[in-house]
Amino acid sequence: MTKRPRRLRRNPSIRSLVSETQLTVDDLIYPMFVTEGENQRVEITSMPDCYRYSLDLLLKEIAELYSLGIKAVALFPVVAEAKKDDNGTESYNPEGLAQLTVRAIKAQTPDMLVITDVALDPFTTHGHDGVIDEHGVILNDETVAILVKMAVSQAQAGCDIVAPSDMMDGRIGAIRQGLDAQGFTDVGILAYSAKYASAYYGPFRDALASAPKFGDKKTYQMDPANAREALTEVELDIAEGADMVMVKPALAYLDIIHQVKANCNVPVAAYNVSGEYSMIKAAAQLGWIDEKKIMMETLLSIKRAGADLILTYFAKDVALILRHK
């Protein structure tokens, strides 16, 4: 026998030496939920070990994350019902929760990259990502005009990257033009380019209380059956000025991550979403799986598929493991 692949598996040192894929803390972006009030750290029932933080406690968590080597966070504000309206106007309030949080993080930990979500669903009474007409139709261009205001407001607060997650047509180009017109040429755009109408988002919507009050999001988020369409969306977003593109969710769409990576020349992010996270947590709590091993294998698979960056609620746990390793 001339071929013995097991020669390269016989001990940890040689396995490490020939490992094809490496997961590092530099690959990770930590999604975080911020809420109003003080001294608030409320666990999200459907997302064990994930919390809604008031700003004072979020800042303490940010400092700890940075000390662990996590250099980027994605912010999601929990907006009070009284501040919501049909058009999500609170989204571009310069004194809104997201804007205040960005300013506070950059004042305390200026080198932490702050990524802000650009979408209306946390701010609308109906829970959709856009303006609706009297027939319940999501209006594309009217929504884009508000998204531009939202992105500019976040840039004025000091964010490093805006991340449009709404899936409206043409919003990347409009946001890029709006940012540049206000002098924010250095603010990047991470486009949720291939965001699918997925059932994996349930726990996230619990966290933000942002589930749609009627219908679904299938007229603007992508059909899970489609792959070629993802490449079209990515191509359009890059042409409009996206600096990075994203596939969301990750695990059921590893093939999409792989195709996007093979067909574009910008960094590719993948979102290891709430449902993926919660399934691992639930199975671990029942004693059915080894949580840490499954967590690491899952994230490694996302990296192996082609993701350069991974948004994951496991980021802090992974950073701790990698530090000890």
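Overview of results
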{"read-out": "Residue list for segment 222-235, filter: in contact with an Asp or Glu (Cβ under 8 Å, 6 or more places away or on another chain) and in a helix (DSSP H, G or I)", "value": "Glu229"}
{"read-out": "Residues of segment 127-151 satisfying the condition of being open to solvent by less than 10 Å² (accessible area, probe 1.4 Å) and assigned to a loop (DSSP other than H, G, I, E, B)", "value": "Gly127, His128, Asp129, Gly130"}
{"read-out": "Residue check, Ala82 closer than 16 Å to Asp160 by Cα and small (Gly, Ala, Ser)", "value": "no"}
{"read-out": "In segment 49-68, the residues that are small (Gly, Ala, Ser) and either open to solvent by 20 Å² or more (accessible area, probe 1.4 Å) or modelled with pLDDT under 95 (or both)", "value": "Ala63, Ser67"}
{"read-out": "Count - residues of segment 287-325 that are more than 18 Å from Pro48 (Cα to Cα), among the basic types (Lys, Arg) and either at pLDDT 95 or above or open to solvent by less than 60 Å² (accessible area, probe 1.4 Å) (or both)", "value": "2"}
{"read-out": "Condition broken by Ala284, with the remaining ones in (1) surrounded by 18 or more Cβ atoms within 10 Å (Cβ to Cβ); (2) in a helix (DSSP H, G or I) satisfied", "value": "(1)"}
{"read-out": "Which listed residue, of Ala252, Ala307, Ala270, is in contact with a helix residue (DSSP H, G or I) (Cβ under 8 Å, 6 or more places away or on another chain) and in a loop (DSSP other than H, G, I, E, B)", "value": "Ala307"}
{"read-out": "Enumerated helices (runs of 4 or more DSSP H) restricted to segment 1-114, each holding at least 1 residues that are in contact (Cβ under 8 Å) with a residue 24 or more places away in the chain and of a type in the set (Phe, Trp, Tyr)", "value": "55-67"}
{"read-out": "Qualifying residues in segment 94-126 (those that are charged (D, E, K, R) and over 21 Å from Tyr271 (Cβ atoms)) - the one least open to solvent (accessible area, probe 1.4 Å)", "value": "Lys106"}
{"read-out": "Condition met for Asp85 (open to solvent by 20 Å² or more (accessible area, probe 1.4 Å) and in contact with a Leu (Cβ under 8 Å, 6 or more places away or on another chain))", "value": "no"}
{"read-out": "Filtered residue count, segment 152-200, keeping only those that are open to solvent by 10 Å² or more (accessible area, probe 1.4 Å) and of a type in the set (Phe, Trp, Tyr)", "value": "2"}
{"read-out": "Flag if Pro212 is part of a loop (DSSP other than H, G, I, E, B), surrounded by 13 or more Cβ atoms within 10 Å (Cβ to Cβ) and touching a residue at least 24 places away in the same chain (Cβ under 8 Å)", "value": "yes"}
{"read-out": "Residue identified as among the polar types (S, T, N, Q), surrounded by fewer than 16 Cβ atoms within 10 Å (Cβ to Cβ) and at negative phi among Ser13, Ser91", "value": "Ser13"}
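The values are calculated or read from the model by the stated rules, or taken from the named source; none is laboratory data. The shown structure was predicted, so the numbers you read here are calculated from the model rather than taken from an experiment. Note that we place each Cβ from the backbone using ideal geometry, even for glycine, and neighbour counts take in every protein chain shown. Just so you know, the surface numbers come from the protein's heavy atoms only, side chains and all, with ligands and any DNA or RNA stripped out. Shrake-Rupley method; radii C 1.70, N 1.55, O 1.52, S 1.80 Å.
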